[in-house]
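Throughout, read-outs are computed from the coordinates displayed, never taken from laboratory work. Quick caveat: nothing in here was measured; it's all calculated off a predicted structure. Every residue, glycine among them, receives a Cβ derived from its backbone with ideal geometry; neighbour counts consider all protein chains shown.
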Amino acid sequence: MPYSQIPYCAVSPKLPASITFAGEKIDLTSQEHRERMDREILAFTYSHINTMLQIKRANRLFPIIEPILKECGIPDDFKYLMIIESNGDIYARSGVGAGGLWQFMEGTGKQYGLEVNNFVDERYHIEKATRAACRYLRKMYGLFDNWMTVAASYNAGETSIAKRVEAQKEKDGMNLSLVPETSRYLFRLLTAKTIFSDPVAYGFLLHSHDLYPPLPIAKKITIKGNVDNWADIAKKHGLTYLQLREANPWIRSTKMPNKTGKSYTVLIPDAKALHYNPQKTKAHNPKWVIK
């Protein structure tokens with residue numbers, strides 16, 4: 001019976017024989033790799049809500065993140081690591097306290113130059129957190145000289161992966177024996193790239209107006225002193241506190257003591273352009289949409 005005559009059927013998605021990640025060709029023809037890839041392709045394809053949200057959010061985030069990766073010398077494919085870390089949710093927070101798009105723990109965030117306290121949490125600052133992630137990734141590449149091993153270290157930690165590399169005498173992360181969570185992490189990374197490269201082939205049908213547009217930023221202002229109430233600054237620019245914080249998710253309170261006089265750049269969105277306008281929503285990647 002042809003598929004068209006079956007009321008409902010779940011089709012097993014096609015698997016690639018190989019994929020290039022960060023310039024490194026990864027062979028997926030071994031049975032072990034094929035089964036692991038199959039599991040993640042199935043999970044992404046039939047977890048419709050999460051995958052659809054990831055694609056929609058990426059339309060807003062990738063234009064910000066891609067230039068930073070390029071500037072910092074990190075392969076563009078690592079934008080998919082951000083996706084699997086947080087589902088592209090700017091406010092993502094794990095059960096153990098990791099926060100933001102790149103899921104930094106508080107201590108690690110501070111170690112890589114992010115301010116984290118009750119009033120400012122730069123793990124939620126898209127640009128600064130991305131630069132911090134780049135610093136980590138670059139350091140790990142200096143240690144491991146293999147981008148998939150670098151990705152494994154982002155999940156399992158530098159020390160754990162270094163021990164496995166030494167004990168197993170293997171530098172390629174795809175050939176390391178890893179704990180199940182980290183092993184799945186690598187194949188989820190490859191799956192994210194595979195599906196984002198051609199969502200329609202995996203059943204994700206979106207028009208341009210379905211995607212989330214970049215926030216319309218009208219201007220940037222500099223804050224050097226204390227902020228008694230961010231709502232006052234928002235009202236001054238015709239915004240609500242909520243709208244100001246949506247554009248600056250690193251703001252963690254209605255106030256901000258700033259005894260050191262540190263400068264903060266605050267994005268001011270265009271209040272008139274915050275309303276949904278399907279005619280103005282463009283796809284960052286044409287492959288994400290159907291005509």
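Tabulated values for the structure
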| read-out | value |
| --- | --- |
| Cut-off under 5 Å, modelled amide H: who pairs with I26 long-range | I19, T20, F21 |
| Phi to ³J(HN,Hα) by Karplus 6.51 cos²θ - 1.76 cosθ + 1.60 over the range 125-130, Hz, x for Gly, Pro | 8, 4, 5, 5, 5, 5 |
| Mean residue ellipticity (222 nm) of the chain, computed from DSSP H runs ≥ 4 via -39,500 (n - 2.57), nearest 500 | -13500 deg cm²/dmol |
| Cα gyration tensor category, rounded, prolate or oblate, for the range 171-291 with a/c compared to 1.5 | oblate |
| Under 5 Å, built H, 5+ apart or other chain: amide partners of F104 | G99 |
| Derived scalar couplings ³J(HN,Hα) [the range 216-226; Karplus, 6.51 cos²θ - 1.76 cosθ + 1.60; whole Hz; x for Gly, Pro] | x, 8, 7, 6, 10, 10, 10, 10, 10, x, 5 |
| Neighbour net charge for F21 - beta-carbon separation under 11 angstrom, K R +1, D E -1 | -1 |
| Between helix 147-156 and the chain: long-axis angle, C-alpha atoms, 0 to 90°, nearest 10 | 70 |
| Cα-Cα over 26 Å, subset of K25/K79; K128/K224; K14/K56; K128/K291; K255/K280; K56/K280 | K128/K291; K255/K280 |
| Neighbour-limited loop hits for GluC sites (Glu not before Pro), the range 132-215 (at most 16 other Cβ within 10 Å; DSSP other than H, G, I, E, B) | E170 |
| Kirkwood Rh, Cα atoms: Rg over Rh of the range 217-273 | 0.94 |
| Relative contact order (%) - criterion: Cα under 8 Å, at least six apart; region: the chain | 19 |
| Peptides 124-135, 83-94 ordered by average Cβ neighbours within 10 Å, highest first | 124-135, 83-94 |
| Cα-based helix-to-principal-axis angle, 180-197 vs the chain, degrees rounded to 10 | 80 |
| Rule-of-thumb Rg ratio for the range 1-139 [Cα; 2.2 N^0.38 Å; N residues] | 1.26 |
| Per-residue ³J(HN,Hα) for the range 136-145, Karplus 6.51 cos²θ - 1.76 cosθ + 1.60, θ = phi - 60°, Hz, x for Gly and Pro | 5, 4, 5, 4, 5, 5, x, 7, 9, 6 |
| For the chain, the fraction of alpha-carbon pairs in successive 5 Å shells from zero, as % | 1, 5, 11, 14, 16, 16, 13, 9, 7, 5, 3, 1, 0, 0, 0 |
